[in-house]
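K.L.:
I have a structure I would like to understand better, so I am pasting it below and will then ask my questions one at a time.
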Amino acid sequence: MGAEAEAGGRVLLLALGPLDAQIDGVTLALGGRRQRLVLAALLCARDRPLTTDQLAQAVWGDHPPPSAVGSLQAYLSRLRGLLGPRLIVRQSGGYHLRVAPEVVDVDAFERDLASADTARSSGDIEAVASHCRTALARWRGGRFLGEFGAERFAVAEAARLEGLRRHALRTWIDAELELGRHGAVIGDLEALLHDEPYDEHVWAQLMVAYHRAGRRLDALQAYRRADRRLRDGASARLGAEAAMAAWRRGERAGAAGLLDEGLRT
């Protein structure tokens with residue numbers, strides 16, 4: 001069973017985007033920045049207890065005020081009142097969240113990715129695409145924990161989850177291409193390249209998607225854009241040989257003739 005507040009409502013903790021909490025779909029007012037930082041730190045650590053010193057550092061940095069312990073007790077008391085006394089517990093000299101797997105959106109996201117991997121192993125590409133779509137839909141924009149994602153306690157987890165998000169997006173794109181839904185992924189590929197302009201695999205996917213969607217001119221223009229981009233960044237990024245190897249992989253993926261044409265122009 002999921003965590004329940006004293007009133008009996010179902011609690012949901014949301015971290016794939018700005019920090020949020022809901023009871024039965026109703027968004028809770030989590031208090032001021034410092035109180036929300038306490039919840040963010042606990043959520044980031046999950047079942048790993050955090051000591052009072054660790055919580056104080058999360059809230060005030062390396063120089064907490066003399067009143068830190070009393071303030072933390074007040075923040076924790078208010079959060080337990082909001083979320084229910086069984087969700088934030090004291091154990092082994094620290095505090096931690098005691099939550100069921102369905103309570104935190106991060107756990108649900110990772111379960112979706114595991115289901116996609118299982119579907120891939122069994123050859124069910126439609127299920128791969130479906131599980132990845134569900135996983136990606138759990139992100140509410142921005143980074144893990146929103147404004148708190150750059151805090152010292154959250155940086156490593158934020159980077160890990162961003163890597164998983166990109167993996168989910170790439171896996172979804174691969175599945176959609178295999179299923180023949182080439183036009184559906186073009187916008188996402190262009191967006192990926194805005195963030196990762198030197199990723200040769202994404203450029204190759206974009207060319208294949210345009211080509212198979214019947215947009216031959218767009219595919220050729222994408223080839224030329226990629227060629228310029230990767231050659232411009234070759235000294236610091238890939239090198240010309242690595243860039244051209246990407247296009248040959250794209251040709252084997254289904255853009256036969258297109259890349260040859262690009263090389264001649």
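Every number in this text was worked out from the coordinates using simple rules, so none of it is lab data. What you are looking at is a predicted structure, and each value in this text was computed from that prediction instead of being measured.
K.L.:
Output wanted: per-residue J couplings in Hz (rounded whole) for the stretch 126-136, from phi through Karplus 6.51 cos²θ - 1.76 cosθ + 1.60, θ = phi - 60°, x for Gly and Pro.
P.N.:
4, 5, 4, 4, 5, 5, 5, 4, 4, 4, 5
K.L.:
Could you give each residue of the stretch 28-38 its phi-based ³J(HN,Hα) in whole Hz, using Karplus coefficients 6.51, -1.76, 1.60 with θ = phi - 60°, and x for Gly or Pro?
P.N.:
Whole-Hz 3J(HN,Hα) from phi for the stretch 28-38: 8, 7, 8, x, x, 4, 5, 5, 5, 4, 4.
K.L.:
Please state the shape class of the stretch 128-232: rounded when a/c is under 1.5, otherwise prolate if a/b exceeds b/c and oblate if not, all from the C-alpha gyration tensor.
P.N.:
Note, shape of the stretch 128-232 comes out oblate.
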